[in-house]
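What follows is a set of notes on a single structure, which appears directly below.
The values are calculated or read from the model by the stated rules, or taken from the named source; none is laboratory data. From a predicted model like this one, the values you see are computed outputs, not experimental measurements. So basically every Cβ, Gly included, is an ideal-geometry build from the backbone, and we count neighbours across all protein chains shown. For the accessible areas, the whole protein counts, side chains as well, though only heavy atoms, and no ligand, DNA or RNA atoms are used. Shrake-Rupley method; radii C 1.70, N 1.55, O 1.52, S 1.80 Å.
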Amino acid sequence: MGKCKDASEQQAQKGRIQMTEDRYFSGQEADVIDYIRKHGSITTLQAFEIGVARLASRAFDLRAKGVPLKSEMVEVENRKGEKCRVARYWLAA
């Protein structure tokens with residue numbers, strides 16, 4: 001256990017893993033949480049802008065780690081101006 005914790009701490013120092021409230025998050029998980037904290041929510045299209053191509057997978061991972069993530073389907077315009085539905089995620093109170 002000591003070696004794993006030491007390795008995790010070394011990775012955290014290198015910026016690969018972020019620790020929040022005694023939990024470790026990968027770079028993409030941390031990016032998603034940071035974006036939500038800054039903007040209130042995140043959609044699949046916004047996730048692409050920060051380099052997260054599979055937001056639903058990151059949401060699954062975050063929920064598995066106990067993060068209280070809520071979601072709903074919302075209608076947005078894609079880059080062609082067409083209406084489409086995407087998931088929007090936010091942190092529950």
Return the total of residues in region 23-66 being of a type in the set (Asp, Glu) and either open to solvent by less than 60 Å² (accessible area, probe 1.4 Å) or not in a helix (DSSP H, G or I) (or both).
2
Determine which single condition residue 59 fails, assuming it passes every other condition in (1) modelled with pLDDT of 95 or more; (2) out of contact with any Phe, Trp or Tyr (no Cβ under 8 Å at 6 or more places or on another chain).
(2)
Residue in region 69-81 that is at pLDDT below 90, in a loop (DSSP other than H, G, I, E, B) and in contact with a strand residue (DSSP E or B) (Cβ under 7 Å, 6 or more places away or on another chain) present
yes
